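Structure, as structure tokens:
The values are calculated or read from the model by the stated rules, or taken from the named source; none is laboratory data. The structure presented is a predicted model; accordingly, all values stated were derived computationally and were not measured. Glycine also receives a Cβ, built like all others from the backbone with ideal geometry; neighbour counts cover every protein chain displayed.
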């Protein structure tokens with residue numbers, strides 16, 4: 001009788017446990033990514049809604065942002081309005097994760113892209129045929 005009898009069963013059990021651990025890690029990573037995307041979408045939509053209501057005042061803008069965030073399955077953590085730029089932070093819970101995402105929205109000229117110059121007034125174009 002040989003001493004390695006049943007060794008294939010042990011190795012199969014070890015491989016199955018390793019595969020289960022890898023599968024669990026992939027599931028946890030998927031939940032984290034889904035939570036981040038849900039919070040990001042809710043924050044973006046809430047910021048757009050608040051910026052849309054900026055002329056009605058901060059209270060009305062933030063109330064709208066709260067409703068939009070809740071409709072997306074998130075909670076609005078912070079909302080502020082400076083001039084016509086809305087700045088919100090939303091948190092979405094998905095599994096054990098609850099990431100917070102910050103988003104800003106406002107008129108196109110009010111929030112320039114980083115590193116780009118702020119556009120000035122439009123340059124008049126001379127009519128066709130003018131010297």
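Miscellaneous remarks
- Here residue 35 meets each of (1) in contact (Cβ under 8 Å) with a residue 60 or more places away in the chain; (2) more than 11 Å from the chain's Cα centre (by Cα) with one exception, condition (2).
- Among the residues of the range 38-52, just one is free of Cβ contacts under 8 Å to residues at least 60 places away in the same chain and farther than 15 Å from residue 105 by Cα, namely 38.
- Just one of the listed residues (54, 69) is surrounded by 10 or more Cβ atoms within 10 Å (Cβ to Cβ), under 23 Å from residue 101 (Cα atoms), touching a helix residue (DSSP H, G or I) at 6+ places or on another chain (Cβ under 7 Å) and modelled with pLDDT under 90, and it is 54.
- Of all the listed residues (110, 92), the sole one being modelled with pLDDT under 90 and either out of contact with any helix residue (DSSP H, G or I) (no Cβ under 8 Å at 6 or more places or on another chain) or over 13 Å from residue 48 (Cα atoms) (or both) is 110.
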